[in-house]
Amino acid sequence: MDKQMKQVAAIVFGGIGFYFALTHFQVLAGWIARLLAIFLPVLVGGILAFFLNVPMSGIERGLQRAFASRKKNKRTKWTRPVSLVLTFLCIIAVFAVGVSMLVPELSRSVMAVYEQIQLSLPKLLDWMQQSGIDTGMLEAQLALIDFKELLGQVANSAGTVMGTVMGAVTATVSVFSTALFSLVVAIYILMDKENLSRQCKKLLFAYLRPDDARLILHVCNLTRDIFSKFLSGQVVESLVLGSLMFVALSLAKLPYASLIAVLTTVCAFIPYVGAFISCGIGVLLTLMVNPMQAVLCLVVYQVVQFIENQFIYPRVVGSSVGLSALWTIVAVLVGGEAMGILGMIFFIPCTAVIYTLVREGTNRRLERLRAAAAQTPAEPETPDQTPEN
C-alpha cells in the first residue's frame, strides 16, 4: 500500500470513528470509564512515582556522592533501595511530627479560647447593658450553650473526621486494593526507572518520526525538571517560613507560636492565599487573648512574610519555574477556578511548562524568519521616475 492509499484509509477510518463517537457517545464514555478503572492503579502509581522521585533522587545523589570513593562499581546496587526506604521514612516522620505538634497545640488553644470566653463574656454583657442594649434574650440563649463541651467537640472534630474518612476508605475493598497496588506499581517504577525510560524512548523512535519523538521527549524532560524544582523549592520554602515564623513569634512572646508556625508551614504550599489564611487564623486566636497582642501578631507576621517574599522565595522557588509575577497570578487564578486548592498549587509548574514551550517555539520561528530574510536577495530599487528620452 503506497503512501496515498494509506492517507485515504486513515481519513476514511478516522471519519468512521468520529461518526461512531458522535452517535454512540454514552457507549464510548462507558468504555473509556471502564478502561480507566482497569488501569487506575497503574495511573495512580505513575503519578505517585513522579512525586516520590523528587526526594528520592536527591537522597540517591547524596548517597552516591558520600560513597563515591568506596566500591564505585557497587554503589548503584544498594543506593536505589536505600534511598527509596529513606524517602518513605522521611514522609512518615514529617507527617508524624506535624500531627504531634498540631493536635496537642490545637487542644490547648481550644481550652485557652474557652477560658478566655468565660472571662470576657461577663465584661461584654456588662458593657452592652451599660450601653442600653437589652441582653435578656442573649443571656437566655447563652445559658443553654455548654461552651466547654462545644469547644471540646471542635477540638476532636478533626480527629473524628479523619477517623471516619479512613474507616470508610479501608472499609471499601476496591479503594484499599487500588491504593495498595498503586503503591506497589510506584515502587517498581522507581526501582527500574532507567529501564522504563529506555523502553519508552525505543517505542517513540520506532513508531514516530524522529522530530516528533524528540519533541515528546523534550516536553517530558522539561515537565520533570520544572515539577521537580517547584516541589523541592516549595518544600524548602515552607519549612524555612514556618521556622522563621516560630522564632519571630516566640521572640515577641506571642501566644500560639507553635500552632501558627505549623499552620504557616502547611498553608505556604498554597500560593498567595495560604499566607492570608494562616495570618487570619493566627490573629484571630491571639485576639481572643489580648487585642493589643493581636495587632503585634499581625505586624510580626507581615514583617516575616515580607522578608520571606523579598529574600527567600525568589531564590528558592521563584527562579526555579522561571515565571514572572503576572503569569504566576494568572496560573493561581485559573487553577483555583478550575480545580480548587490543588489547581492553585500545580497550575504554576504547568503554566511554566507551557510558557517555556511557547517561548522556545517563538524563538525558533523568529530565527527561521531571520535566516530566510538574510538569504533572500534584495530586490533592485524601482526608480520613482522614468528617465526622459
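The values are calculated or read from the model by the stated rules, or taken from the named source; none is laboratory data. Because the structure is predicted, anything quoted here is derived from the model rather than measured. As a convention, Cβ positions derive from the backbone with ideal geometry for all residues, glycine included, and neighbour counts pool all protein chains shown. The protein model used for the area step is the full one, side chains on, heavy atoms only, and it has no ligands, DNA or RNA in it. Shrake-Rupley method; radii C 1.70, N 1.55, O 1.52, S 1.80 Å.
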Worksheet item: Residues in the stretch 23-34: is at least one exposed (fewer than 11 other Cβ atoms within 10 Å of the Cβ), of a type in the set (Ser, Thr, Tyr) and modelled with pLDDT under 80?
Response: no
Worksheet entry | The one condition in (1) of a type in the set (S, T, N, Q); (2) at pLDDT 70 or above; (3) open to solvent by 80 Å² or more (accessible area, probe 1.4 Å) that residue 309 fails to fulfil | (3)
Discussion item. Taking the condition of being part of a helix (DSSP H, G or I) and modelled with pLDDT under 90, how many residues in the stretch 198-208 meet it?
Written reply: 1
Discussion item. I'm checking my understanding of the structure. Among residues of the stretch 56-79 that are farther than 18 Å from residue 194 by Cβ and open to solvent by less than 80 Å² (accessible area, probe 1.4 Å), which one is modelled with the lowest pLDDT?
Written reply: 68
Item to complete: Counting only residues that are out of contact with any Ser or Thr (no Cβ under 8 Å at 6 or more places or on another chain), give me the helices (runs of 4 or more DSSP H) lying completely in the stretch 209-312 with at least 3 of them.
Response: 210-251, 273-289, 291-307
Worksheet item: Among the residues of the stretch 196-204, is there at least one that is in contact (Cβ under 8 Å) with a residue 24 or more places away in the chain and out of contact with any His (no Cβ under 9 Å at 6 or more places or on another chain)?
Response: no
Practice prompt. Could you please let me know if residue 342 is open to solvent by 30 Å² or more (accessible area, probe 1.4 Å) and among the aliphatic types (A, V, I, L, M)?
Written response: yes
Worksheet item: Of all residues in the stretch 35-52 being among the aliphatic types (A, V, I, L, M) and open to solvent by less than 70 Å² (accessible area, probe 1.4 Å), which is farthest from residue 21 (Cα to Cα)?
Response: 52
Worksheet item: Looking at (1) over 23 Å from the mean Cα position of the chain (by Cα); (2) at pLDDT below 85, which is the one condition that is false for residue 232?
Response: (1)
